[in-house]
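The values are calculated or read from the model by the stated rules, or taken from the named source; none is laboratory data. Keep in mind it's a predicted model, so treat the numbers as computed, not measured. So basically every Cβ, Gly included, is an ideal-geometry build from the backbone, and we count neighbours across all protein chains shown. Accessible surface is based on the protein model in full, side chains and every heavy atom, while ligands, DNA and RNA are left aside. Shrake-Rupley method; radii C 1.70, N 1.55, O 1.52, S 1.80 Å.
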Amino acid sequence: MTCAQQPVPGRRWQKVLYERQPFPDNYVDQRFLEELRKNVHARQYRYQAVVFQSGAVVQQLCSVCVFVLTWWYMDAGMLSPQGLFGAALVSSLLGYVLFDAVDGGAGRWASGRTRWADLKSTLVFAAFTYGFSPVLKTLTESISTDTIYAMSALMLLGHLIFFDYGANAAIVSSTLSLNMAIFASVCLASRLPRALHAFVMVTFAMQIFALWPMLQKKLKAQTPRCYVGVTVLFALAALAGLATVSSVGAVLFASLLLAISCLCPYCLIRLQLLKDNIHGPWDEAEIKEDLSRFLM
């Protein structure tokens with residue numbers, strides 16, 4: 001919008017609609033651009049803070065990598081279900097103790113949930129999963145293996161897309177993300193040799209896709225340094241496991257993690273310098289007053 005005509009002598013233009021003025025409808029004076037503002041709501045990011053926040057993405061990528069590696073080891077007969085169940089049980093107990101120790105039990109006290117309730121939920125889940133493991137083993141017998149692998153890959157990709165990384169976005173859905181991960185675990189578990197393998201695989205999926213992120217969120221909020229250390233160790237463990245299967249895959253996965261945790265934050269910081277949002281009197285009006293009293 002520009003100054004359409006010269007101002008009328010002896011009369012000053014006013015930005016009002018309730019008064020008739022000797023000016024065209026599209027007329028504005030030279031004061032129009034005085035209210036121009038740039039990047040009013042732009043956020044200033046620090047590189048270290050962005051790298052820290054990218055740890056959630058790195059953690060979830062490593063979780064998917066560890067899950068797929070565990071399934072591959074069990075399918076190849078290099079990992080017994082008893083060994084995996086024992087290791088998962090020990091790690092779950094350690095994580096359960098650490099979950100309460102991080103905040104001194106304040107979170108449990110606020111939620112009002114008791115340890116007995118946690119134990120009952122665990123026993124019920126384990127009993128139902130073990131009882132239905134023969135069904136899970138034979139659930140997809142009529143589906144080809146290639147289709148199972150494709151479905152599992154798509155479900156794990158959807159899990160990564162919809163996972164709650166801490167962003168306030170419409171695409172975020174923790175429930176959908178967890179359901180897609182469990183669906184992928186059921187599909188992959190159906191291709192394992194025995195029903196016991198399927199039971200252990202689904203149980204392990206619940207631990208790494210449901211319980212592990214809860215512990216990580218608490219560590220991130222309460223002890224940031226410990227969270228960074230756990231993230232680095234978890235990434236190294238995932239890379240070491242992947243290297244035993246494919247050295248090329250380990251190199252590519254390491255490059256992906258470095259790009260997400262180091263290169264992408266740098267690109268974000270650089271692109272923020274090029275941001276140029278303008279605000280002024282042409283913006284839509286925003287009603288900031290509480291109008292709820294008119295709805296009664």
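Numerical summary
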| read-out | value |
| --- | --- |
| Filtered chymotrypsin sites (Phe, Trp or Tyr not before Pro), segment 24-110: DSSP coil and at most 16 other beta carbons within 10 Å | Tyr45 |
| Ranking by accessible area, most exposed first, for Ser255, Ser185 with a 1.4 Å probe | Ser255, Ser185 |
| Cα centre as origin, Lys/Arg/Asp/Glu Cβ charges: segment 47-269 dipole, Debye | 420 |
| Accessible surface, segment 167-221, averaged per residue in Å² (probe 1.4 Å) | 41 |
| Distance between segment 109-146 and segment 73-102 - C-alpha centres, whole angstrom | 15 |
| ³J(HN,Hα), Karplus 6.51/-1.76/1.60, whole Hz, each residue of segment 153-162, x for Gly, Pro | 5, 5, 5, 5, 5, x, 4, 5, 6, 8 |
| Listed residue (Ser144, Met78, Gly249) projecting farthest to the positive dipole end of segment 47-269, Cβ model | Met78 |
| Dipole moment magnitude, nearest 20 debye, segment 1-160 about Cα centre, only Lys, Arg, Asp, Glu C-beta charged | 760 |
| Accessible area of segment 47-269 belonging to carbon and sulfur atoms, whole % at 1.4 Å probe | 74 |
| Lys/Arg +1, Asp/Glu -1 at C-beta; the chain dipole; positive extreme among Val202, Ala170, Pro224 | Pro224 |
| Contact order normalised by residue count of segment 47-269, Cα under 8 Å, 6+ apart, percent | 34 |
| Counting all C-alpha pairs of segment 47-269, share separated by more than 23 Å (%) | 51 |
| For segment 98-140, the Rg and Dmax computed from alpha carbons only, in angstrom | 15.7, 45 |
| Low-density loop positions, trypsin sites (Lys or Arg not before Pro), segment 187-219 - DSSP coil, at most 15 other Cβ in 10 Å | Arg194 |
| Accessible surface, segment 97-155, averaged per residue in Å² (probe 1.4 Å) | 70 |
| Average Cα contact separation per residue, segment 144-296, under 8 Å, 6 or more apart, as relative contact order % | 12 |
| ³J(HN,Hα) computed for each position of segment 132-145 - Karplus, 6.51 cos²θ - 1.76 cosθ + 1.60, integer Hz, glycine/proline x | 9, 4, x, 5, 4, 5, 9, 5, 10, 5, 7, 9, 5, 5 |
